[in-house]
Every structure is written in C-alpha cells, then in structure tokens.
Amino acid sequence: MAKVNKPKNVKAKETKSKKIKEEKYRSEEQTEMLRFIRILLIVIVLIVGVYLFTRIFVTKDLFSQNDTTPTVNEGSINYEVTLIGSLLNKPETEYYVIIYDAQNLRSVYYSNLITNYKLNQDALKVYFANLDNELNQKFYDPENVNVDITNISDLKVGDLTLIKVSNGAIEQIWTNEASIAEELQYIESTDTEN
C-alpha cells in the first residue's frame, strides 16, 4: 500500500483549526475575576518590594546578624510620689507632702532635707509632689499663693511648700524654706547605754 502524503498546507490548516477550537470563551465575570487577581498580585509584589527596599537600603538590617531581641524593662511604681490633687488620699493617718520642682537648682537641698528627716526614729512618711508634672501645674501660682483653703482645688502653691496631713485633712502648711527646714530637721538620738 502506498503511503498518502498530505501536503504541508493541509497540516498547517489542521493545527490552526485545532487552536481555534481550543480557544476558550470566558464570561465577563471570569475576565473581571482574572483582572482582579492580576491586580492583587501586582499590589502584593509592590508591597513586598517596598518592604525589602526599606530593609535593605534604609534600615540596613535585613542581612545583619545582630540580635535584635527587644529588652524588657521591668516597670516600677514609686509610692513616694503623689499628685497635689490626691494628697489627702494616702493610707497613713499622718504624713507630710513636700511640693517643689525637681528641675529647680535647690531640689538637691530639699531632697537632702527629706533624706535626713527619714533617719529620725519617729519620722512620718514624706510624699513628694513635683511641680514639673503637668497634672500639678494648675496648683502652681507663685504670684498668688493661697494656703488658707477649705477645698484642695483652691490650693495655690509657690516654688516650695510643705503640707502636713492628719486624718485626711490638712493640718498645717509651710511655704518658707527656713520653717520647712526646721520642721524636717534631723534629730540625732544619742545612745545613753554604755
């Protein structure tokens, strides 16, 4: 039997017709979904590209081998610091509250007064209210000091004030540095035993 050779033109026409038959027709929803997926992939590639760019060129920490584990600092509460507005709410029945600006040049002297006073055996608790604190600013008025008050909101203090609180009420207020030093004096006790 003799082999029938088909001309090359016929083979080309058959492959073209197969390609035409294989072409798929898509609905409008399918083309929209494909367009959405392409846009989503482009956005993801851009975000990853910007991230890598900043890590490589801006922060320069992508290839660094340094340990970047964040350190955790344990928080602490200073129970000797108070706000002027809450100075009557302490658990002790009798205590002092000293009010001054910690940024003041004399603050070291005031702190030393308190430290020496605490060495006394019968020393009362001393709380500190910093005038530099924003919450204490409304009580600071060195031009119009007002210590004769019936309500704590009426209190106006100057650069230095010492308040003695007894049973949740203000017992006495000192605004003079000399009188405060006298009130918080260190009384050295002598041992009489031999």
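When the inverse distances between all different Cα atoms of segment 27-66 are averaged and flipped, the Kirkwood radius reads 12.1 angstrom. Placing pseudo-labels 7 Å out from each Cα toward the beta carbon at Lys125 and Leu62 gives an inter-label distance of 5.7 nm.
3J(HN,Hα) along segment 82-97, derived from phi through the Karplus expression 6.51 cos²θ - 1.76 cosθ + 1.60 where θ = phi - 60°, amounts to 9, 9, 4, x, 10, 6, 8, 9, 9, x, 6, 7, 9, 6, 10, 10 Hz, with x in place of Gly and Pro. In this structure the amide hydrogen of Leu87, modeled in the peptide plane, comes within under 5 Å of no amide hydrogen from residues 5 or more places off or on another chain.
Whole-Å semi-axes of segment 54-127's equivalent ellipsoid, largest first, each the root of 5 times a Cα gyration tensor eigenvalue?
Working: eigenvalues 404, 50, 37 Å².
In descending order, the three semi-axes are 45, 16, 14 Å.
Kirkwood-type hydrodynamic radius, segment 49-89: 14.8 Å, calculated from all non-identical alpha-carbon pairs. Among the listed pairs Lys118/Lys164; Lys125/Lys164; Lys90/Lys125, no Cα-Cα separation exceeding 18 Å is found.
Approximating the spin labels as points 7 Å out from Cα along Cα→Cβ, the Phe36-to-Ile77 distance works out to 5.2 nm.
The equivalent ellipsoid of segment 84-183 has semi-axes of 19, 17, 12 Å, largest first, where each one is the square root of 5 times an eigenvalue of the Cα gyration tensor.
Read-outs: derived from the displayed coordinates by stated rules, not from any lab. Model, not experiment: these values are computed from the prediction. Cβ coordinates were reconstructed from backbone atoms using ideal geometry, including for glycine residues, and neighbour counts include every protein chain displayed.
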